[in-house]
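This report refers to the structure that appears directly beneath it.
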Amino acid sequence: MSGKDTSRKKFNSSPKPQQKPKHYPHIGRKEKEPDAAFWAKLYRVGDTGWDQGGPSPGLVDFLKDDVGARRAMPLRSGCALVPGCGHGHDARALASAGFDVIGLDVVKSAVREAARLAKSEGLTGIRFEQADFFDLSGILRGPYDLIFENTFFCAIDPGLRDRYVETAANLLHPGGFLLGIFYNIQPETGPPFGVTREELIERFGHRFTLALDRVPRSISRREGKELLMLWQRKT
Ligand SMILES: C[S@@+](CC[C@H](N)C(=O)[O-])C[C@H]1O[C@@H](n2cnc3c(N)ncnc32)[C@H](O)[C@@H]1O
């Protein structure tokens, strides 16, 4: 590779000032088209600052039934989808907790590594597929009992957010759950693109009912910047 790699986006670094969109001013301007090639390049150069090396603390607490959080979701098993799974740390935590899990990511090297890690832990009931969340076919279309997402919503083009909500709802059984750990930041360029609690409520409220809403435990550099929301698909 020659010259400076301008695609490198630091998930936790200071953003540059840019023009802001009209309706959701907290959403950063697109620095790069966050397409499959963009993500593949980040994996290739090892610029994966979002990777926590393990499951999200918010998910870990949720699965341990931290302060009764799981009363809101009685489900203890079933079929779970983890879109934008990266190296699959959250997917493995869900499989260890008893779910049958499909992790998907648009980057082949990511799902390959995710599969390797799951195998090295001897996990069963988990598999990884290279696929685009917005263009799923066959068995990947579900329906699922649960979708878990962690910094995937903030990774996609903000213009796809309503489509994300529709896609997620249509992949779930009526009454199925979407558990999300969303990135509540306000950078001026993205990805990652910030999201506020208000925007999430506005967008998800059409197809989902909010069952749980809290600021989860996070790794130190994300402390107070995440929103854990459990959404239940309306029937
Ligand atoms: C910020 S990373 C988060 C990865 C993982 N959830 C984690 O927390 O470690 C976003 C992930 O979404 C994937 N991705 C982006 N667009 C996608 C799409 N349309 N379909 C599936 N995966 C996608 C990227 O390749 C990347 O692995």
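Quick check, is residue 104 at pLDDT 95 or above and within 21 Å of residue 160 (Cβ to Cβ)?
When the stated conditions are applied, residue 104 passes them.
If you take the residues in the stretch 107-143 that are aliphatic (A, V, I, L, M) and more than 16 Å from residue 87 (Cα to Cα), which one is modelled with the lowest pLDDT?
Ranking the candidates gives 139 first.
Quick one: which of 118, 93 is farther than 18 Å from residue 154 by Cα, small (Gly, Ala, Ser) and touching a strand residue (DSSP E or B) at 6+ places or on another chain (Cβ under 7 Å)?
Step by step, each of 118, 93 is checked, and only 118 is farther than 18 Å from residue 154 by Cα, small (Gly, Ala, Ser) and touching a strand residue (DSSP E or B) at 6+ places or on another chain (Cβ under 7 Å).
Out of curiosity, is residue 166 of a type in the set (Asp, Glu), without any contact (Cβ under 8 Å) to a residue 40 or more places away in the chain and out of contact with any His (no Cβ under 6 Å at 6 or more places or on another chain)?
For residue 166, the condition - of a type in the set (Asp, Glu), without any contact (Cβ under 8 Å) to a residue 40 or more places away in the chain and out of contact with any His (no Cβ under 6 Å at 6 or more places or on another chain) - is not met.
Residues 76, 92: which one is charged (D, E, K, R) and either without any contact (Cβ under 8 Å) to a residue 12 or more places away in the chain or away from the ligand (no atom under 14 Å from the Cβ) (or both)?
76
Looking at 60, 82, 107, which is the one that is of a type in the set (A, V, I, L, M, F, W, C), over 25 Å from residue 174 (Cα atoms) and within 9 Å of the ligand (Cβ to nearest atom)?
Among 60, 82, 107, only 107 is of a type in the set (A, V, I, L, M, F, W, C), over 25 Å from residue 174 (Cα atoms) and within 9 Å of the ligand (Cβ to nearest atom).
Residues of the stretch 49-87 being under 15 Å from residue 181 (Cα atoms) and either acidic (Asp, Glu) or in a loop (DSSP other than H, G, I, E, B) (or both), which ones?
Across the stretch 49-87, the qualifying residues are 50, 51, 52, 54, 55, 56, 61, 84, 85, 86.
Does the stretch 110-147 hold any residues that are surrounded by fewer than 22 Cβ atoms within 10 Å (Cβ to Cβ), within 11 Å of the ligand (Cβ to nearest atom) and more than 19 Å from residue 35 (Cα to Cα), and which are they?
113, 140
The values are calculated or read from the model by the stated rules, or taken from the named source; none is laboratory data. Note that the coordinates shown come from a computational prediction; the quantities given were computed from them, not determined experimentally. Counting neighbours? That spans all protein chains shown, and the Cβs are built from the backbone with ideal geometry, glycine included.
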